[in-house]
Amino acid sequence: MSQALNERAEIARQLRLHIQSADAIPVSNPPLQPVAARAEEESDLLSVEQDALSCTKCRLHETRSSVVFGVGCSDRPPIAFVGEGPGAEEDRQGEPFVGRAGALLTAAITKGLNLKREDVYICNVVKCRPPENRTPLPDEVASCLPYLQAQLRAVQPRVIVTLGAPAQKALTGEQGGITKIRGVWQEWEGFPLMPTFHPAYILRNASAKRPFWDDLQEVMRHLGMENK
Ligand code: URA
């Protein structure tokens, strides 16, 4: 096991001990309940990440340099952005949305929403780069989906924003094109979900920038953060 994985395993072990000791405290002590629940979610996230880091469930593991799991605030962030899958730069750095499309998303978060990248959670449907940046195949999505589902359950975002049709289809089964379904609230497991354009699409179609921005503004209104 790598040193980073060892460290994560140790944190997960300590969190589990913390949960056990918090569980031993009488349930009539209400302030400790959320702490225990939170620790459990953190521990869940770390164990999902550990599983994903050694995953060989689909062919994408054969060509990856990194497993790109997710970054940002993992404790009830206002927004979790869900993209399609890592590109070349993400595969190299091990972090989602750090290439050209990532620069656009980061500018929208920082300059547009006045948040930091660390304030939100950012992840993808598939955690390994599809060769030539092709759309992930259905069996690749099916193999990776449990990681995405588990990470969203652990992170508990206030709103999920799906970037592009593949992310929307993976989470909700929605088959429609993103142009038709964007901007309309949906739900995934009770979390409000806003589908919008993928930043890579906006780089190719400047006319998508305005609706993308409208969708993010609507998310901020929903969160009561529109004047932030
Ligand atoms: N496109 C994605 O869908 N995800 C990334 O992380 C980068 C580009």
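The values are calculated or read from the model by the stated rules, or taken from the named source; none is laboratory data. None of the values given here were measured: they were computed from a predicted structure. Counting neighbours? That spans all protein chains shown, and the Cβs are built from the backbone with ideal geometry, glycine included.
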Restricting to the range 69-104, count the residues that are near the ligand (Cβ under 7 Å from one of its atoms) and within 21 Å of residue 45 (Cα to Cα). 7
Pick from the range 198-216, criterion in contact (Cβ under 8 Å) with a residue 60 or more places away in the chain and more than 16 Å from the ligand (Cβ to nearest atom), ranking: nearest to residue 80 (Cα to Cα): 216
What pairs can you find where one residue is in the range 121-140 and in contact (Cβ under 8 Å) with a residue 40 or more places away in the chain and on the phi > 0 side of the Ramachandran plot, the other is in a strand (DSSP E or B) and within 10 Å of the ligand (Cβ to nearest atom), and their Cβ atoms are less than 8 Å apart, with a gap of 6+ or different chains? none
For the range 105-135, which residues satisfy the criterion of being under 21 Å from residue 42 (Cβ atoms) and away from the ligand (no atom under 13 Å from the Cβ)? 116, 118, 119, 120
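Residues that are under 22 Å from residue 103 (Cβ atoms) and modelled with pLDDT of 95 or more: find the strands (runs of 3 or more DSSP E) completely inside the range 116-228 holding 2 or more of those.
Passing ranges, in order: 121-124, 159-163, 191-196.
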